[in-house]
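Quick notes on the structure that follows.
The values are calculated or read from the model by the stated rules, or taken from the named source; none is laboratory data. Quantities reported herein were computed from a predicted structural model and do not represent experimental measurements. Here the Cβ positions follow ideal geometry from the backbone for every residue, glycine too, while neighbour counts run over all protein chains shown. Keep in mind that these areas ignore ligands, DNA and RNA; they rest on the heavy atoms of the full protein, side chains included. Shrake-Rupley method; radii C 1.70, N 1.55, O 1.52, S 1.80 Å.
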Amino acid sequence: MTDEITYASATELAARVRKRELSAREVVRAHLERIERVNSQVNAIVTLDGEGAMAAARVADERLAQGHEPGPLHGLPIAFKDTHLTRGMRTTHGSPLFADHVPDEDELLVERVQAAGAIRIGKTNVPEFAAGSHTFNPVFGVTRNPYDLTRSAGGSSGGAAAALAAGLQPIADGSDMGGSLRNPASFCNVVGLRPTPGRVPCHPAADPWDTLAVAGPMGRTVADAALLLSVMAGPDPRCPISLDTPGAAFRVPLEAELRGLRVAWTPDLGGRVPVDPEVTAVLEPQLRVFEELGCRVSEDCPDLDGAEDVFRTRRAQLFAQGLGEVLDAHPGALKPSLVWNIEEGRKLTGADLRRATAAHARIQLAATDFFSRYDVLLAPVSQVVPFDVEAEYPAVVAGREQHTYLDWMRSAYFVTVLGTPALSVPAGFTPGGLPVGLQVVAAPRAELTALRAAYAYEAATGHGLRRPPLPHS
């Protein structure tokens, strides 16, 4: 009964709790039992408050019995990413400097998810200060991939993705600058959506005008990710780039007729990135699925010339702004790749920033033109399959040496520069059983288009139904 609950979809669980076929206590207890059995193998959830979660579940059941209208996430357990502020529960950012940090406030995303009825059970693991797409840090160690414990779960939302895949929670929050929602979703055979900047408002934020870093939903199904997005999205006056569309706009049926959908496919972002043959071998046959669904598929790619400079420059600037003072106050306390990224930001000149801004504007204008001709773009999420958990990052991709911890992530962070929604959906497995995700990109603000295309593909293939071969303790 425990695994039947923990591997049910979030939409099914929410409906059953609302109908009082299951109680919130049963749902939370099942997940806590699953965490007890499995989490030590993957190290996905790093802070756990089972007693507090059960107390909150009792209150949730009592309110439902008293006739209170349940929220869309009523009774669903969630462990928040350990970079998101949680009142009264430690938020470490994966750093020894914050190992005992307990915020006195929830950030906006956490407020909204809990106000919708979700029950906080703990926090999920992250890389140090969420830097890099492999989840390890000096506080909690490394998160392992549920499909192969010798492999990376990705990052920076690696703990969130691994917890979903392992049945430890039905929904998960994440964030994404250069692939932090998409890469771990791809590695762990779940769904991760990077929304349009401003779709999910962030508060507090070091730079409220930033469009590189966004928060977004994760789930084991496209519908579950859409359900969580419906709670996370919506305007907030404290976020100057927040979009006006209410979150409820995403709480709609995703069934859609794809016949005639204009689909572009790029196996390597127009020759700009190397992709391991293992990835390409899984993804290229997926094009037939879209053709069988009635889509018109062509090979094409937006103009991404200059995307490398735009992303690296803006990222370095943000790291210098956000972590420069931490580095100065605690020399030697940050991992070398993080120090390198901060120092790269400190070297930037006004001319560098002007050049990146101009290129960013040109690329986003080109994206608008591209999506006037296509409805969605399909591409690899990651250039590699899940790599050795003991490595910081892949040293080689398709025979090409990778010099920094960012190099191998271009297939995700080039898409970041477009300013569009981008979703990772399970697309199959290598012969060795490693998951591969397909990146579904739509026009700016067209999350529903991406969700509907991914939903139809998911229904046609069922790749996301394959569960990890986790041994039980």
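A few points about this structure:
- Of residues in the range 220-244 being of a type outside the set (D, E, K, R) and more than 21 Å from the chain's Cα centre (by Cα), the one farthest from Pro208 (Cα to Cα): Pro237
- Counted residues, the range 47-87 - those being aliphatic (A, V, I, L, M), open to solvent by 20 Å² or more (accessible area, probe 1.4 Å) and either over 17 Å from Asp173 (Cα atoms) or at pLDDT below 95 (or both): 6
- Hits in the range 205-224 - residues which are open to solvent by less than 20 Å² (accessible area, probe 1.4 Å) and in a loop (DSSP other than H, G, I, E, B): Leu212, Arg220
- Counting the residues of the range 373-409 that are surrounded by fewer than 18 Cβ atoms within 10 Å (Cβ to Cβ), within 25 Å of the chain's Cα centre (by Cα) and in a strand (DSSP E or B) gives 2.
- Residue list for the range 443-461, filter: more than 19 Å from Ser382 (Cβ to Cβ) and either outside any loop (DSSP other than H, G, I, E, B) or in contact with a strand residue (DSSP E or B) (Cβ under 9 Å, 6 or more places away or on another chain) (or both): Ala443, Ala446, Glu447, Leu448, Thr449, Leu451, Arg452, Ala453, Tyr455, Ala456, Ala459, Ala460
- Selected residue (criterion: least open to solvent (accessible area, probe 1.4 Å)) from residues of the range 14-41 that are in a loop (DSSP other than H, G, I, E, B) and at negative phi: Leu22
- Considering the conditions (1) among the acidic types (Asp, Glu); (2) open to solvent by 50 Å² or more (accessible area, probe 1.4 Å); (3) in contact with a Gly (Cβ under 9 Å, 6 or more places away or on another chain); (4) under 18 Å from Ala442 (Cα atoms), Asp300 is excluded by exactly one of them, (2).
- Hey, Ala30 without any contact (Cβ under 8 Å) to a residue 60 or more places away in the chain, among the hydrophobic types (A, V, I, L, M, F, W, C) and out of contact with any helix residue (DSSP H, G or I) (no Cβ under 7 Å at 6 or more places or on another chain) or not: no
- None of Phe290, Phe370, Phe311 is open to solvent by less than 20 Å² (accessible area, probe 1.4 Å), closer than 22 Å to Gly428 by Cα and part of a helix (DSSP H, G or I) except Phe290.
- In the set (1) open to solvent by 10 Å² or more (accessible area, probe 1.4 Å); (2) touching a residue at least 60 places away in the same chain (Cβ under 8 Å), Lys123 fails one condition alone, (1).
- Test: residue in the range 94-103 that is at pLDDT 95 or above, under 19 Å from Gln41 (Cβ atoms), open to solvent by less than 20 Å² (accessible area, probe 1.4 Å) and not β-branched (Val, Ile, Thr): no
- Contacts under 8 angstrom Cβ, first residue in the range 390-406 being closer than 15 Å to Ser152 by Cβ, partner β-branched (Val, Ile, Thr) and open to solvent by 60 Å² or more (accessible area, probe 1.4 Å), 6 or more apart: Gln402/Val396
- Residues of the range 138-154 classified as more than 20 Å from Thr430 (Cβ to Cβ) and either among the small types (Gly, Ala, Ser) or open to solvent by less than 10 Å² (accessible area, probe 1.4 Å) (or both), total: 2
- Counting the residues of the range 4-24 that are of a type in the set (Asp, Glu) and either closer than 13 Å to Gly219 by Cα or touching a Lys or Arg at 6+ places or on another chain (Cβ under 7 Å) (or both) gives 1.
- Condition broken by Gly178, with the remaining ones in (1) outside any strand (DSSP E or B); (2) under 20 Å from His93 (Cα atoms); (3) in contact with a Leu (Cβ under 6 Å, 6 or more places away or on another chain) satisfied: (3)
- A Cβ distance below 9 Å, combined with a sequence gap of six or more or placement on separate chains, defines the contacts here; from the range 225-247, residues that are part of a loop (DSSP other than H, G, I, E, B) reach residues that are open to solvent by 20 Å² or more (accessible area, probe 1.4 Å) and among the β-branched types (Val, Ile, Thr) in the pairs Ala233/Thr245; Gly234/Thr245; Pro235/Thr245; Ile241/Thr211.
- Residue pairs whose Cβ atoms lie under 6 Å apart, sitting 6 or more positions apart in sequence or on different chains, and linking a residue in the range 42-64 that is on the phi < 0 side of the Ramachandran plot to a partner that is part of a helix (DSSP H, G or I) and hydroxyl-bearing (Ser, Thr, Tyr), do not occur here.
- Checking Arg151 against (1) in a strand (DSSP E or B); (2) touching a helix residue (DSSP H, G or I) at 6+ places or on another chain (Cβ under 7 Å), the condition it does not meet: (2)
- The range 79-101: number of residues that are in contact with a strand residue (DSSP E or B) (Cβ under 7 Å, 6 or more places away or on another chain) and not hydroxyl-bearing (Ser, Thr, Tyr): 8
- Index of the failed condition, Gly67 passing every other in (1) assigned to a loop (DSSP other than H, G, I, E, B); (2) in contact with a helix residue (DSSP H, G or I) (Cβ under 7 Å, 6 or more places away or on another chain): (2)
- Checking the stated criteria, Arg346 turns out to be touching a helix residue (DSSP H, G or I) at 6+ places or on another chain (Cβ under 6 Å), more than 26 Å from Pro285 (Cα to Cα), basic (Lys, Arg) and surrounded by fewer than 17 Cβ atoms within 10 Å (Cβ to Cβ).
- Lone qualifier among Ala443, Ala460, Ala454 - being open to solvent by 30 Å² or more (accessible area, probe 1.4 Å) and in contact with a helix residue (DSSP H, G or I) (Cβ under 6 Å, 6 or more places away or on another chain): Ala460
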